[in-house]
1. I'd like the orientation of helix 8-17 relative to the chain: the angle between its Cα long axis and the longest Cα principal axis, in ° from 0 to 90, rounded to 10.
2. Would you mind counting up the charge near Gly49? Only other residues with Cβ under 11 Å from its Cβ, with Lys and Arg at +1 and Asp and Glu at -1.
3. Work out, step by step, the length gained on full extension between Asp161 and Glu220: first 0.36 nm times the residue separation, then minus their alpha carbon distance; give nm to one decimal.
4. Against the globular-protein guess of 2.2 N^0.38 Å, express the Cα radius of gyration of the chain as a ratio, rounded to two decimals.
5. Excluding Cys89 itself, what net charge comes from residues whose Cβ is under 10 Å from its Cβ, given Lys and Arg +1 and Asp and Glu -1?
6. With an 8 Å cut-off on Cα pairs and a minimum separation of 6 or more residues, tell me the relative contact order of the chain in percent.
7. In nm, to one decimal, how far is the modelled label at Lys84 from the one at Ser11, with both set 7 Å along Cα→Cβ?
8. Would you mind computing, in nm to one decimal, how far apart the modelled labels at Lys238 and Glu40 are, each placed 7 Å from Cα along Cα→Cβ?
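All of the numbers you see were taken from the coordinates with simple rules; none came from a lab. Quantities reported herein were computed from a predicted structural model and do not represent experimental measurements. With ideal geometry, Cβ positions are generated from the backbone for all residues, glycine too; neighbour counts draw on all protein chains shown.
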Amino acid sequence: MRNYPTEEYESKELEELNAEQWMVDALKMNPGYVGWGPYEYYMCDDKGGWASRVILESWEDNGFGLDELNEVVNFYFEVTRASKECESCAGGGYNPETKKIADAWYDFEGTGSRWCDKITQDEVQALLDSNRLSDLTRGRENYTPTADEVNAWNGKGFGHDEINRFICIEQRAKRLGVWGHCEHCHGNGYVFTEPKAKLGLILWVLHPRKGCSRGVHFKEIKKEEIPKVVDYLKSAKKRNNDRFSALVA
């Protein structure tokens, strides 16, 4: 979890993480946007170069001093709990009957049951109810495309994304009376392997001389280290502010 919970589903997720309050409080210090990190997008490089991600076990391993070589320009705390893929549902989060429907969507095993380009009218309506299919409905008020139109659109290379897939799977499973989540992982797709959560920290570090940047992940920050970490981040903030301090209106 990267954001302080504000929605019911986020509070439920936090409860499952079994995090201590000081970890939750750390999330309040995060910036608004935390959709990046050393495992995502262009920060996933692990080739060992100047721009490669760095994974560190603890704050004691921090070798990134704030100087002419390193500048910290962004950060966020995260609350995590070690887990592994649920073996019962292979990470899909569905009960066996719903999993069959989900697997057949693309039918990678070639069983002949592929249906991502054979959805039915009730599934089209489920997509419309979720404000999907804008490519077909844009500029056409109160227009309901037919299943044939949607299936033809899907076959032209535009296609359904994962959100559409989830919506259609749920609708088909409910229509067939088999909808449900995995009883072992309760729909998460994973099971926890540790009893409690940990607080981690991600830094975005620039190396001005090399013209590169990297994501740095500290896998665990301990409660007694929070003041040192905050002082470090405040120093980074001051350096960034000072760099632009000569600007005038």
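1. It works out to around 60 degrees.
2. Working: positive: Lys47, Arg53, Lys210, Arg214; negative: Asp45, Asp46.
The answer is +2.
3. 17.8 nm
4. On the way: Rg = 23.3 Å, N = 249, 2.2 N^0.38 = 17.9 Å.
Rounded to two decimals, the normalised Rg is 1.30.
5. Working: positive: Lys99; negative: Glu85, Glu87, Glu183.
Around Cys89, the charge tally is -2.
6. Working: 360 pairs, mean separation 80.8, N = 249.
Once divided by the residue count of the chain, the mean separation gives 32 percent.
7. It is 3.4 nm.
8. Here the answer is 3.1 nm between the modelled labels.
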